[in-house]
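Since every read-out is calculated from the coordinates, none of them should be taken as a lab result. Here the structure is a predicted model, which is why all the values come from computation and not from measurement. With ideal geometry, Cβ positions are generated from the backbone for all residues, glycine too; neighbour counts draw on all protein chains shown.
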Amino acid sequence: MTSEPTTLVVLGASGDLTERLLLPGLGSLLAESAGGPRQLIGTGRSERSADEWRQTVSDAFEEAEARGEDATAIVDSAQYIQADPTEVDDLVRILEACEHTPILYFALPPTITITVCEALEKVDLPEGTVLAMEKPFGSDSESAAALNRQLQKLVPEERVHRIDHFLGTSTVLNLIGLRFANRLFEPVWNAENIERVEIVYDEDLALEGRAAYYDSAGALVDMIQSHLLQVLALFAMEAPASLDEQDLRSVLAQVLRATEVAGGDPVASSRRARYTAASVDGEDVPSYADEEGVDASQNTETLAEVTFAVNNRRWEGVPFVLRSGKALSENRKNIVVTFKPVRGLPRGLSGHARPDRLVIDLKQNGVSLDLTMNGGDDPFALEQVPLQATLREERLTAYGEVLRGIFDNDPTISVRADVAERCWRIVEPVLAAWRDDRVALDEYPAGSSGPASWQED
Ligand code: NDP
């Protein structure tokens with residue numbers, strides 16, 4: 001992979017993503033001397049002095065302990081250009097300020113992204129320009145396809161990075177080693193042996209002031225349509241011949257082409273809910289409907305659960321339950337694999353042979369295998385015992401990892417054009433059923449584990 005000197009241009013540099021995730025990610029990359037740009041330009045319509053921008057960059061780098069020469073040089077030369085990225089003249093001005101091959105990072109609201117891409121068509125893009133697109137990529141399969149067509153007019157596909165930072169977390173990438181680099185798991189990674197797979201991303205945080213984005217997205221689009229389907233794909237894919245971008249992204253695309261809402265029935269296979277007012281850890285949390293900036297009539301869900309089927313030889317009949325929500329009692333972020341009961345358990349063993357479970361923690365970087373074995377007190381009584389492994393702390397943040405792919409010109413962990421469209425197609429039957437109110441919008445008190453009616457499962 002080539003790594004020519006680059007200028008990273010952050011479009012939307014005054015936003016939440018830039019400050020909270022992107023700059024710290026860049027800092028982690030520099031702290032590890034794992035690559036980076038030669039020049040950093042922030043742009044936005046809002047006014048901001050060069051000093052203020054340098055301070056923002058410097059604070060993020062300091063937090064990430066990026067203190068080497070490269071980091072210092074980037075901070076010292078960081079520029080802020082006040083500009084509207086939807087205006088052709090402003091884009092020209094930004095590109096003229098680039099001393100190296102530009103990487104345009106779209107840290108912009110998704111609705112603005114297509115307008116900026118249309119404006120870019122009227123600009124002479126320097127040779128080698130790279131475009132990094134944030135999720136959500138479009139708002140349905142049609143708009144994602146339109147955005148893909150527009151991007152094709154601008155740069156070749158290998159210079160487009162559709163970011164899904166979940167693919168940059170080492171916990172998620174560890175799935176590849178867990179499955180394919182030992183003798184134990186791959187032989188049982190199929191419908192013969194696995195009863196059910198749950199991929200859960202529950203947060204205890206409520207809306208946190210993000211109504212402008214979240215109220216038009218909801219839990220299904222924010223998490224399941226993008227991040228969790230990517231995790232499903234890595235979990236369920238066939239073995240790639242190599243981890244290069246062609247091999248890995250082809251097997252991911254292949255398994256997603258086999259993925260559909262279970263039974264083709266979005267009503268029976270999905271549930272949605274939103275939180276109501278409650279006191280959580282002594283703090284009052286308002287009802288989602290009363291949060292500032294929320295239009296309650298949109299019926300946006302803050303908890304979504306959809307069961308998918310992967311209709312291929314390996315997975316026929318195994319439910320894949322994907323769930324994500326906000327303002328829940330627990331920060332539970334994991335994959336739970338429940339294995340089928342053993343056949344022909346010897347008579348004479350007492351106790352209950354609970355199903356074996358593999359729990360892959362998506363936050364703490366750990367794996368736990370709950371196995372039924374002989375008990376400690378009575379050797380003929382069964383007990384379930386966890387075998388646990390904690391993996392090493394990640395060196396790079398997830399954004400550090402995706403930025404490394406961009407600077408190395410390696411799109412392996414970015415989402416391919418067809419997959420971005422496919423993920424919309426997979427969830428569209430559910431979105432339609434919810435839009436038509438064919439699935440009830442349940443409620444749960446903030447800080448609880450979800451609607452009471454969901455608890456019996
Ligand atoms: P923001 O809503 O904070 O917007 C980012 C910046 O975009 C704003 O600061 C604003 O800068 C600029 N902007 C807003 N409206 C317009 C407009 N009409 N025309 C031109 N520029 C505009 O977004 P986030 O930073 O939260 O997110 C950016 C992207 O990253 C989104 O696609 C989001 O989905 C994605 N993302 C965000 C995450 C997060 O935690 N924030 C997590 C994962 C992905 P100015 O007013 O200065 O022009």
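Find out how many positive minus negative residues lie around residue 333, taking Lys and Arg as positive, Asp and Glu as negative, among other residues whose Cβ is under 10 Å from that of residue 333.
Values: positive: 332, 363; negative: 202, 203, 330, 361.
Here the count lands on -2.
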At R0 = 41 Å, FRET efficiency that the Cβ-Cβ distance of residue 243 and residue 299 yields, to 0.05: 0.50
Residues listed by number, the range 425-446, amide nitrogen under 13 Å from residue 311 label point at 7 Å toward C-beta: 426
Proximal lysines to residue 333, defined as alpha-carbon separation beneath 17 angstrom and excluding residues fewer than eight positions away on the same chain: 363
Distance in nm between pseudo-label sites at residue 349 and residue 111 (7 Å out along the Cβ direction from Cα): 5.8 nm
Additional length obtainable on full extension of the chain from residue 452 to residue 329, 0.36 nm per residue less Cα span: 43.0 nm
Where trypsin sites (Lys or Arg not before Pro) fall in DSSP loop in the range 143-216, at most 10 other Cβ within 10 Å: 183
Of the trypsin sites (Lys or Arg not before Pro) in the range 300-342, those whose Cβ has at most 10 other Cβ within 10 Å and which sit in DSSP loop: 313
Global geometry of the range 409-451, whether rounded, prolate or oblate, following the gyration tensor of its Cα atoms and the 1.5 cut on a/c: oblate
Cα-centre dipole for the range 181-254 with unit charges at Cβ (Lys and Arg positive, Asp and Glu negative), debye to 20: 140 debye
Prolate/oblate/rounded label for the chain (Cα gyration tensor, a/c 1.5): prolate
Label-point separation, residue 377 to residue 182 (7 Å along Cα→Cβ), nm: 3.1 nm
Signed unit charges on C-beta, dipole axis of the chain, positive-most listed residue 56, 252, 151: 252
Residues of type lysines that residue 122 reaches as a straight line, Cα spacing below 30 Å, ignoring anything fewer than 8 places off in the same chain: 135, 153
Theoretical FRET efficiency, 1/(1+(r/R0)^6), r = Cβ-Cβ of residue 340 and residue 395, R0 22 Å, to 0.05: 0.05
Net charge dipole size for the range 6-134 [Lys, Arg +1 and Asp, Glu -1 on Cβ; Debye, nearest 20]: 80 debye
Among 439, 419, 451 the positive-end extreme of the charge dipole of the range 417-457 (Cβ point charges): 419
Sites residue 210 and residue 52, calculated FRET efficiency, Cβ-Cβ separation with R0 35 Å, nearest 0.05: 0.90
Of 325, 279, 206, farthest towards positive along the dipole that unit charges on Lys, Arg, Asp, Glu beta carbons give the range 205-337: 325
Candidate aspartates and glutamates for bridging to residue 340, where Cα separation is under 19 Å - those fewer than 8 sequence places away on the same chain excluded: 186, 192, 195, 198, 316, 356, 370, 383, 457
Neighbour cut-off at most 15 other Cβ (10 Å), DSSP loop, trypsin sites (Lys or Arg not before Pro), the range 6-63: 45
Prolate/oblate/rounded call for the range 214-357, Cα gyration tensor, a/c under 1.5 rounded: oblate
Lys, Arg +1 and Asp, Glu -1 on Cβ, resulting dipole of the chain about Cα centre, debye, nearest 20: 1700 debye
Charge context of residue 149, other residues only, Cβ under 12 angstrom, K/R +1, D/E -1: -4
